[in-house]
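So the structure is just underneath, and the comments pick up after that.
The values are calculated or read from the model by the stated rules, or taken from the named source; none is laboratory data. These numbers were taken from a predicted model, which means no experiment stands behind them. A quick note on method: Cβ atoms are made from the backbone with ideal geometry, for glycine too, and the neighbour counts reach across all protein chains shown. The area values use the complete protein model at the heavy-atom level, side chains included, leaving out ligands, DNA and RNA. Shrake-Rupley method; radii C 1.70, N 1.55, O 1.52, S 1.80 Å.
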Amino acid sequence: MSLPGFEEERRAIGEATYFVSHGGSGSPVLLLHGFPETHACWHRIAPRLAQTHRVVAPDLRGYGSSEAPAGGPRGEGYTKREMAAELVELMEELGH
């Protein structure tokens with residue numbers, strides 16, 4: 001599902017390729033979905049937030065249209081710290 005008025009693209013971050021939808025202008029807001037959803041869960045609120053903010057809504061590593069290799073036997077590659085570091089890099093690549 002596309003977010004109305006938002007751009008969509010893929011960004012390679014580490015071993016993952018993130019699908020990201022972004023739009024609006026102003027201070028950035030990063031929207032993170034829960035399990036087992038995708039960026040589309042924000043379809044009602046993201047356009048409203050985009051009236052005053054730059055909204056970034058990715059599909060998290062391994063979800064939706066994002067792609068990543070399977071994690072290690074103890075979840076390596078999918079820890080909150082590892083994913084947070086990738087999202088920081090994603091935001092930097094988008095100019096935030």
Counting only the heavy atoms of the protein chains, how much of Glu15 is accessible to a 1.4 Å probe, in Å² to the nearest 10? 140
Roughly how many Å² of Ser65 are accessible to a 1.4 Å probe, to the nearest 10? 50
Given (i) 0.97; (ii) 1.37; (iii) 1.42, which label gives Rg/Rh (Cα atoms, Kirkwood Rh) as computed from the coordinates? (i)
Of Val29, Val55, which has the most accessible area and how do the rest follow, probe 1.4 Å? Val29, Val55
Mind checking which of Ala16, Ala70, Ala84 has the largest fluctuation in a GNM of the chain, springs on alpha carbons under 10 Å? Ala70
Which trypsin sites (Lys or Arg not before Pro) in segment 54-96 sit in a loop by DSSP (not H, G, I, E or B) and have at most 15 other Cβ atoms within 10 Å of their own Cβ? Arg74
Would you mind working out the accessible area per residue for the chain, using a 1.4 Å probe, and quoting it in Å²? 59
Reduced to Cα centres, the span from segment 4-61 to segment 71-96 in Å works out to 15
Restricting segment 55-95 to GluC sites (Glu not before Pro) in coil, as DSSP defines it, with at most 16 other Cβ within 10 Å: Glu76
Determine the dipole magnitude for the chain: charges of +1 sit on the beta-carbon of Lys and Arg, -1 on that of Asp and Glu, nothing else is charged, the reference point is the Cα centre, and the result goes in debye to the nearest 20. 360
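Using helices alone, I'd like the mean residue ellipticity at 222 nm for the chain: each DSSP H run of four-plus residues gives -39500 (n - 2.57), total over residue count, nearest 500.
Values: 2 runs with 18 residues, N = 96.
Estimated from H runs of four or more residues: -5500 deg cm²/dmol.
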